[in-house]
Every structure is written in structure tokens, then in C-alpha cells.
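Reading through the C-alpha cells given below for one structure.
Just so you know, all these numbers are worked out from the coordinates, no wet-lab data involved. Fair warning: this is a prediction, and the values are worked out from it, not measured in the lab. Because the Cβ atoms are built from the backbone with ideal geometry, glycine has one as well, and the counts that use them run over all protein chains shown.
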Amino acid sequence: MEKRRKFTAEQKAKIVLEMLREERTVGEIAAEHEIHPTQLHKWKAEALDHLPSIFTRGASETEKMRKQHEKEKDQLTQQIGQLSVELNWLKKNLTSSTSVEERKEMMDRNDAKLSVKRQAELLEVSRTSVYYMPADRDKEEQDEGIVISKKKTCRLMRRMGLAGLCPGPNLSKHNHKQAVHPYLLRGVKAMHRNHIWGIDITYSTPS
């Protein structure tokens, strides 16, 4: 007795697709695969019956993926909100319990993932103060052993009430030797064309 042949699902699908293309007759396909034509028609009918479920299953899978995506999105939104609250709480307590100099020391200039600008924002430190470097003293001052800057010297002199003998700035005082002429057009309204004439001779070159 001849052993009955068994076909896998992939082989059945391939044979049914060949029947649907209708490039050859059912008898030719049955003879090639040594299958009875009735069995081929049965496979074809079964495939056509299950064809709508393929699209239904695809739609249900898409809807399932969409719901999963929305769920993950909501979870991430909640996590971001929680992290924002915790970050604000940490920043508030950090600034109230530490000085500016202490927060500056927390900064890491070699951090490749967090820029100095972002670190300054998180620690609430002025970025200008982070990059500030005191100017080097002149070589002449170094040679003479002067260990304080000119700015500090001026500040100490003001504190002790010391001042130099040279005159200071005197730009805001008027020269009383020159007469100050009144503004003759004050209160005068121009009523018609050519009513008021004026000329500026400040920068005129003397002849």
C-alpha cells in the first residue's frame, strides 16, 4: 500500500497560489504534484474562506500595537513629570543649603554628556562666573614682589581715605569763564514755514 503524502502549510499555500494565478489548469497542477484535483479544490476553498481573517488579524494587531504605544507614552509622560518635580525639589534644596562657591566646585568640565552650560543651569550658577579667570599680574609687578592687584590697591586706598595728588576727572563742571547763553526759542512755536531759522556753528572752521 502506497504511503500517503503529507504537505506542509507552506507547500499547500504555494500550490493554492499557483491555482489562483490560473497560468495552468488544475489537472496539470494535480499531475505535477501527484494530488487529486478534488483535494486541490478543497485547499483552494479553505484558503479563500480564511482570507478575510488575514486582514482582520492584521487590523487587530495594529490596534493592539497602537494601544500598547499609547500606554508606554502615558507611562513616559508620567515619568518625565515625576522627574521634573524631583529635579525642581533638588535644585531648591541645593541652592538653599549650599553657597555659590560650593556649587561651582560640583561642576565637572570634563563631562562629555553634560555641557558646562547645562551644569551651570542645573546648579543655578552664573556661567560667566564659571568661565571667569583672574588676569595675570604684569611681569614688572611680579619682579618687584607686588602680590596684590591694582584694583585691590585702589579699594584699600578708598577704605583708608588715601588719594593721589594728581587731579581726578573734572568733566561735569562748567567753564565759568564762558558765558552760557539762554535758549532764545524756548516757548516759541513755529506757526508757518520759514518762521524759525537756526544754524549750528559749533564745528565751523574759523576763516
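Which of the aspartates and glutamates could be linked to Lys42 by a straight reach, that is with a Cα gap under 20 Å, when you skip same-chain ones fewer than 8 residues away?
Candidates past the 8-residue exclusion: Glu10, Glu18, Glu22, Glu23, Glu28, Glu32, Glu34.
Taking the Cα centroid of region 77-119 and of region 6-36, what is the distance between the two, rounded to the nearest whole Å?
Centre-to-centre distance over Cα atoms comes out at 69 Å.
Compute the acute angle (0 to 90°) between the alpha-carbon long axis of helix 150-160 and the principal axis of greatest extent of the alpha-carbon atoms of the chain; round to the nearest 10°.
Orientation of helix 150-160: about 50 degrees from the principal axis.
Given that just one value was derived from the coordinates, which of (1) 45.1; (2) 10.5; (3) 29.5 is mean projected area of the Cα convex hull in nm²?
Structure-derived value, by its label: (1).
Can you give the extra length, in nm with one decimal, that the chain gains between Leu185 and Ser129 once fully stretched, where that is 0.36 nm per residue apart less the Cα-Cα distance?
14.9 nm
Add +1 for every Lys or Arg and -1 for every Asp or Glu among the other residues with Cβ under 13 Å from the Cβ of Asp111, and state the total.
Taking every other residue near Asp111 into account, the sum is +3.
Mind running the shape call on region 2-53? Use the C-alpha gyration tensor, a ≥ b ≥ c as the square roots of the eigenvalues: rounded below 1.5 for a/c, prolate if a/b tops b/c, oblate otherwise.
Oblate, because a/c is 1.5 or more while a/b does not exceed b/c.
Quick one: grab Rg to one decimal and Dmax as a whole number for region 100-157, Cα atoms only, in Å.
Expressed in Å, the Cα Rg and Dmax of region 100-157 come to 16.4, 47.
Could you work out the longest stretch of the chain that avoids the chymotrypsin sites (Phe, Trp or Tyr not before Pro) located in DSSP loops with at most 11 other Cβ atoms within 10 Å?
1-131
Quick one: which of Lys117/Lys151; Lys67/Lys117; Lys71/Lys113; Lys104/Lys152; Lys91/Lys139 span more than 32 angstrom between C-alpha atoms?
Lys67/Lys117; Lys91/Lys139, as the Cα separations exceed 32 Å there.
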